[in-house]
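Some notes on the structure that comes next.
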Amino acid sequence: METKAFQKIYTKITQITKATCSLNAEGVGYEELASVNGRLAQVVKIQGENVTLQVFGGTEDIPTNAEVVFFGRPPTIKVGEDLAGRFFNAFGEPIDGGPEVEGEEREIGGPSVNPVRRMQPSELIATGIAGIDLNNTLVSGQKIPFFADPDQPYNQVMAMVALRAKADKIILGGMGLTNDDYLYYKNVFDNAGALDRIVSFVNTTEDPPVERLLVPDMALTAAEYFAVDKNESVLVLLTDMTLFADALSIVSNRMDQIPSKDSMPGSLYSDLAKIYEKAVQFPEGGSITIVAVTTLSGGDITHAIPDNTGYITEGQLFLRRDTDIGKVIVDPFRSLSRLKQLVIGKKTREDHPQVMNAAVRLNADAVNARTKLENGFDLTDYDERTLGFAKEYSRELLAIDVNIDVDAMLDTGWKLFGKYFEKAEVGIKEDMTKKYWPGKDD
Amino acid sequence: MKEKKLTKGKVRSIIANLVVVEADGPVSQNEICYVDKDGVKLMAEVIKVNGTQAFIQVFESTRGIRIGSDVEFTGSMLEVTLGPGVLSKNYDGLQHDLNKMEGVFLKSGDYTEPLDLEKEWEFEPVAKKGDTVVAGDWLGQVEENTMPHRIMVPFKFKGTYKVKSVVKKGTYKAKDTIAVLLDDKDKEVPVTMVQKWPVKIAITSFKNKPRPFKLMETGIRTIDTLNPIVEGGTGFIPGPFGSGKTVLQHAISKEAEADIVVIAACGERANEVVEIFTEFPELEDPRTGRKLMERTTIIANTSNMPVAAREASVYTAMTIAEYYRAMGLKILLLADSTSRWAQALREMSNRMEELPGPDAFPMDLPAIISNFYSRAGFVYLNNGKTGSITFIGTVSPAGGNLKEPVTESTKKAARCFYALSQNRADSKRYPAIDPIDSYSKYIEYPELQDYLKKHISEDWVEKVMEIKNHLIKGKEAYEQINILGDDGVPIDYHITFWKGEVIDFVILQQDAFDEVDRSSPIKRQKYMLDKVLEVYHTEFSFDSFEDVNPYFKKVINEFKQMNFSDFESDNFKKHEKELKKIIKERKVKEEEVAEQEESN
Ligand SMILES: Nc1ncnc2c1ncn2[C@@H]1O[C@H](COP(=O)(O)OP(=O)(O)O)[C@@H](O)[C@H]1O
Ligand SMILES: [Mg+2]
C-alpha cells in the first residue's frame, strides 16, 4: 500500500498487545487505516492523543520504535469489471499473480440500503436439492447459512448450490479456509467453466486470523458494485463465519471489553447483522444473495455464534448424517427458509406448501415412532408406516445428492403419501388431494 | 423566552459510537447534540456527564470523526414531532421520514422532516372562545386518512389556559396558527397543529388509567380464546429464532381490532419491514375495508441501521402511540424485538465500563423495561372519552433459554406471556404458542370476566378453563403412553390424548398464510370451541388402541377443512355434516352409557 510523501511517520508505540498497539498521534480519524512497520492496521479507539490500532497481521515482532503511518482513509477496494475471475487476499491484493485491478476506489463496510428502497425478494433460486428447494426454498436477495459440524461436506454442498444458482457473479469470501478447501473451490469453479464470473477474497488458515475481519466487507463491497452499478444478480459465499466471529472475539478481548455469552463481544449481533443485511433485492433488478457457513461444535446451535446468526439470517440449512440411509441430508426440522412463502405455491406448483408441511409432519410422527422403538415398545401399524415413509422420504428427497426439479419433488411427495397413508392421515386440503392424490380412488 | 446561549464542545475520545466531548457550558442528561464530521452534522445523545465531559452516543457510524471535531448542543432532549400526517409514514428510529431520503443507500446526517408541512388540511374547530383548556384538550380536528385527527393543546403546556380564539373551518397548513390561548397571566400563546414531545417522558394528559377490561380481538384463536389480551393491555412473545415471533406479530398487526397500529421494527431484519411496506398498502383492514397502511405507522430501525437509535426507536413509537391515544383512539403498539434494544443498552454500558449486571446487561435493565411497559394502558381522557395503547413486544432470548435477564425482566412487566416453543415450531404446529406455559393475567380480572360473559357467553370463562384443563390432561396421557407403551395403558389414555390433539389441531393451530384461516372473529371462535367441547364430551368406544389414532385423524381432518372454509359457507356446513357422521360411527349410545354406569 502506497504512502504519501507528506505523511508524518510516528516511531513511538506506547503499548502492544497480541492484536493491537497504541501510540500518541494527532488528527487521526476513527476507523482510519495505518501501517505499522508495513503491516496494515486500523484505528479502533482514540482517547485524546492516544490512538489504538488493531493490527491485522498480528503484533508478533513489532518493536516500540516501529514506523507508523496513517493513511487518512478507511479500508478501500478498487472495483471494476476486472475483478471477475480474480483471487485476492483479505486486503484486496491479488494472490493469483495477476496485475492490480484498475477501477474506482470505494470504502468497504459502507452505508446500509434505505429499507424503503428495497424490493421484496421474489425470485426462486433452484438448486435441485430437494431438502432445499422443497422444504427450504431459497430466494434471491436472501441471507442464509449452512449450520454444520466441521466434518460435514458443507463446502461441497455450497459449491454445488453456487454453480446451479444461475447467478451473474459468485463472490467467495473465504475465512480461515484450509488451503485444500481453497484449491477445491478453485478447481470446481474452473471445471465448471465458471471462473470468469467468480471473484474470491481468501484468508486461509496460514494467514493471521485478524485479517479475516476484512473479508466479508471486501466481498460485499465488490458484490454491491456488480449488483448496483451493473444490476447483476450476485451470490456471495461466506465460509466460515464461525472463524470470523472468533477473530472478533480476539480483538475485543484484547481491548478489555466485557465479554458476553461464550466469550463473544456484546456487539456480536450488530457486527454480524451489518454483514448479513447486505443481502438485498434492488429495485433496478440487481440482487445480493448471501449463502454462508457457520460451523457448529457438536451440533450445538445455542452457542452464541449460531444463535446470533439464526436471529439475523433468513433461515438456516442444517446438514446432518442420516444413519438410516447412510447419507448426509438437509434436516427437515432444524432447517428453515424464512423467505420460502414468497415463492412456494406462487412460483412453484400450488400444492407445494401443503405437500411440504404434510411431509414434515408425518416425518415428526416417524421420530416419535422411533423413540418408542428405542424405548422397547411395540409399534402400531401407523407407526410402522411412518417409519417406512420417513426412510424413503429421506433417501428420495432429503439426501443432498438428489438433483431433480420442484415438480418432480412434489410428485415424489404425493407418491409416498399414497404409498403409506390414507388421505385423512395426510390432512391436506381437499381440493389438493382431489387433484394430486395418486391412483384412482375417488 | 430569552435566547439561551447554546453549549459547544470538542471531541476528546472515540470508541465505536461512544464519543467523549469536552463541553464549554451546561449540558443535560439526554440532551441532543450534533458532531461535525467534515461539514456533515451527526446526531448524538448525552448519556452521561462527568465534570465538563459529556459522554455521547452517536446515532450514526463514527467513521472519520476526529479528535477536536466540533460539537453543538441543542438544549433539548430527543423529541418527536407530532401532528397530522404521522399515519402511513415510514420513519427511522429518530422519526426521520425514510421516503424523503434520496438515493438507495442511507447517508449519515441525512435528516428529513417527519411531517408534510406544505400539505393542506381541512380544519374544523371544536373548542370555543372562552373555554378553559389544559394540555391534551381538543381544540379542533382535521381528517387524516378518513379518521378524525384531533388538534390538541400541546402536551408541554402547564396549567390552565383560556381560549382566546380558534380559526374558522377551512384549509390550513400544519404550522399555521389555528388557535390563540391565554395563559394565567393573560399572555397570548399561539397554537399550531404541530407540537414536539421528548420521547423518554410519558404523555400523561388524561384523567385516569383504570385496570383494562375490554377484550382486544386479535383474530388468533390461541390468544383470544385461551389467553386473551385486553385493550390497553401488555403482552410479550419470547421464543428462539424461527419459532414464529415475527409472523405472529405481523398477523396480529393485520387482524387486530385497533384504530391505529404502530410498529417498531427494532434491530431485526430489513426484509421483514419490506414485507410490511409491500403488503400493507394492498391488504384491507378486515373491519373497515380500508387499506391497512392507512392506519399504520412504521418505525424502522433494522439491525443494520445505527445501533444507538434502536433504543430511541421504541420510545419514538411509544410517544406516537400516546399522541394518538390522547385523541381517543385504540392503538396497537408492536415492537420486534425488545431484546435488540436491551442489547444496544448493553453495548453502550460496556463501552462506558459500567459495572455489569447479569449477562453483562446494565443493572437497571428491569427498571427500564417496566417503565416502558407502564406507558401502555387504557385511559379516560379529560373529556370522558377513552383511548388505549395495547403493547406487545417480542423477546429474543439467547440460546432460546428463558432464564435470561430480558425475558425475566419483561415477565415482571407484561401481563400476557406468549411463550413460543421450539418443539411446536419444529413440528410446524403454528402459531407455536405453548398452551400450557403461556398465560394471560387478564383472564383472572373480574372486569374482563364480566365483559366476556356479556359479550360472548355466560359460561365462556368456564369453558376456557375447561379447555385448558383438557390440554393438560392430554399432555399427561401422552407422557404416560410414552412411559408405559401403547398397550401398557388403558385405551382411555389414548382417547384422552387424542381429544387433546383435537383441541390442539382445531383451536390452537392456525395457518397464518391461509386466506380464510388467518383470522377468526370471536363469534367463529365461540362456535368452534363449542364444537370441540362437544367432541370432548362425547364418549367413544374402541376395540383396540390401534383404532384410536386413525379415527381421530379423520375427526381432525374434517375440523381442519371447516377452519379452511368461510364461516357457515356451504363447504363449512358440508364438512360439519361429515364430522357429525364420523362422530356417530363411534359414539357410545345413551343406553350403553347408562348400562356401563350400572355395571360399574
Ligand atoms: N403461524 C405460522 N404459520 C405458518 N408458518 C409459520 C407461522 N409462524 C412461523 N412460521 C414459519 O416460521 C418461520 C419463522 O417465523 P418468524 O416469525 O420469522 O420467526 P422468529 O421471528 O421467531 O425468528 C416463518 O418464515 C414461517 O416459515
Ligand atoms: Mg423475528
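The values are calculated or read from the model by the stated rules, or taken from the named source; none is laboratory data. Because the structure is predicted, anything quoted here is derived from the model rather than measured. Please note: Cβ atoms are built from the backbone with ideal geometry, for glycine as well, and neighbour counts cover all protein chains shown. Surface areas here come from the heavy atoms of the whole protein model, side chains and all, with no ligands, DNA or RNA. Shrake-Rupley method; radii C 1.70, N 1.55, O 1.52, S 1.80 Å.
Descriptive notes on the structure:
- Helix runs (DSSP H) in chain B reaching 30 Å along axis by Cα, Kyte-Doolittle at least -0.5: B:460-484
- Computed from point charges on the beta carbon alone (+1 for Lys and Arg, -1 for Asp and Glu), the dipole magnitude for chain A about its Cα centre is near 740 Debye.
- Cross-link pairs exceeding 21 Å between alpha carbons, from the set A:415/A:435; A:18/A:278; A:8/B:8; B:475/B:553; B:209/B:330: A:18/A:278; A:8/B:8.
- For chain B, the share of DSSP beta bridges that are antiparallel, to the nearest 5, is 70%.
- Relative contact order, whole percent, for chain B stands at 12, derived from Cα pairs under 8 Å and 6 or more residues apart.
- Averaged over A:421-433, number of beta-carbon atoms from partner chains that fall within 10 Å: 4
- Cα-based reach from residue B:169 at 17 Å (exclusive), listing aspartates and glutamates while leaving out same-chain residues under 8 positions away: B:120, B:122, B:124, B:143, B:144
- Placing dummy labels 7 Å off each Cα toward the beta-carbon, the span from residue B:99 to residue A:437 is 4.9 nm.
- With Cα atoms defining each centre, the stretch A:193-269 and the stretch B:361-437 are spaced 34 Å apart in the structure.
- Between residue B:355 and residue B:156, the FRET efficiency estimated from the beta carbon spacing at R0 = 35 angstrom works out to 0.45.
- Inter-centroid distance (Cα atoms) of the stretch A:285-313 relative to the stretch A:411-442, Å: 36 Å
- Per the Debye formula on identical point scatterers at the alpha carbon atoms of the stretch B:113-196, with no solvent, log10 I(q)/I(0) at q = 0.16, 0.18, 0.25 Å⁻¹ is -0.56, -0.70, -1.27.
- Per-selection Kirkwood Rh - the protein assembly as shown (Cα, Å, 1 d.p.): 31.2 Å
- Most positive-pole-ward Cα, B:485, B:550, B:537, against dipole of the stretch B:469-575 from beta carbon charges: B:537
- Separation of the stretch B:79-137 and the stretch A:29-59, taken as the distance between their Cα centroids, equals 43 angstrom.
- Peptide A:267-275 shows a mean partner chain C-beta count of 6 within 10 Å per residue C-beta.
- Dipole in debye (nearest 20) - the protein assembly as shown, about Cα centre, beta carbon charges: Lys, Arg +1; Asp, Glu -1: 3500 debye
- The residue A:195 and residue A:17 beta-carbon pair, evaluated with R₀ = 35 Å, returns a calculated FRET efficiency of approximately 0.30.
- Share antiparallel - DSSP beta bridges, the stretch B:285-394, percent rounded to 5: 45 percent
- Interface between chains A and B: roughly 6600 Å² of accessible area buried, both sides summed (probe 1.4 Å, protein heavy atoms only).
- The label-point distance for residue A:374 and residue B:567, in a model that sets each label 7 Å from Cα toward Cβ, rounds to 4.4 nm.
- Excluding ligands, DNA and RNA, the accessible surface per residue across the stretch A:1-143 is 40 Å² with a 1.4 Å probe.
- Förster radius 41 Å - calculated FRET efficiency between residue A:341 and residue B:585, Cβ distance, rounded to 0.05: 0.65
- Max mean-square fluctuation residue, GNM over chain A, Cα-Cα springs under 10 Å, options A:29, A:193, A:110: A:193
- When only Cα pairs below 8 angstrom with a gap of at least 6 residues are kept, chain A shows a relative contact order of 17 percent.
- Within 10 Å of the Cβ of each residue in B:296-307, the mean number of Cβ atoms contributed by other protein chains is 4.
- Net charge of Cβ neighbours under 10 Å - reference residue B:304; Lys, Arg +1; Asp, Glu -1: +2
- Label sites at residue B:479 and residue B:76, each approximated as a point 7 angstrom past Cα along Cα to Cβ, lie 5.8 nm apart.
- Percent RCO, i.e. relative contact order, over the stretch A:9-70, from Cα pairs under 8 Å lying at least 6 residues apart: 43 percent
- Selection from B:61, B:27, B:73 lying farthest towards where the dipole of the stretch B:8-76 points positive, charges on Cβ: B:61
- The translational diffusion coefficient of chain B, from Stokes-Einstein at 37 °C and 0.692 mPa s with a Kirkwood hydrodynamic radius over alpha carbon pairs, comes to 123 µm²/s.
- Sorting the segments B:557-567, B:475-485, A:304-314 by their mean number of nearby beta carbons within 10 angstrom, highest to lowest, gives A:304-314, B:557-567, B:475-485.
- Of all beta bridges that DSSP places with both ends in chain A, some 55 percent have antiparallel geometry.
- Accessible carbon and sulfur surface of the protein assembly as shown relative to its total accessible area, %, 1.4 Å: 48 percent
- With 18 Å as the limit on Cα-Cα distance, the pairs of A:423/B:499; A:423/B:473; B:129/B:162; B:453/B:580 that go past it are A:423/B:499; A:423/B:473; B:453/B:580.
- The alpha-carbon of residue A:12 sits under 17 angstrom from the alpha-carbons of these aspartates and glutamates, leaving out residues fewer than 8 places away in its chain: A:26, A:49, A:60, A:61, A:67.
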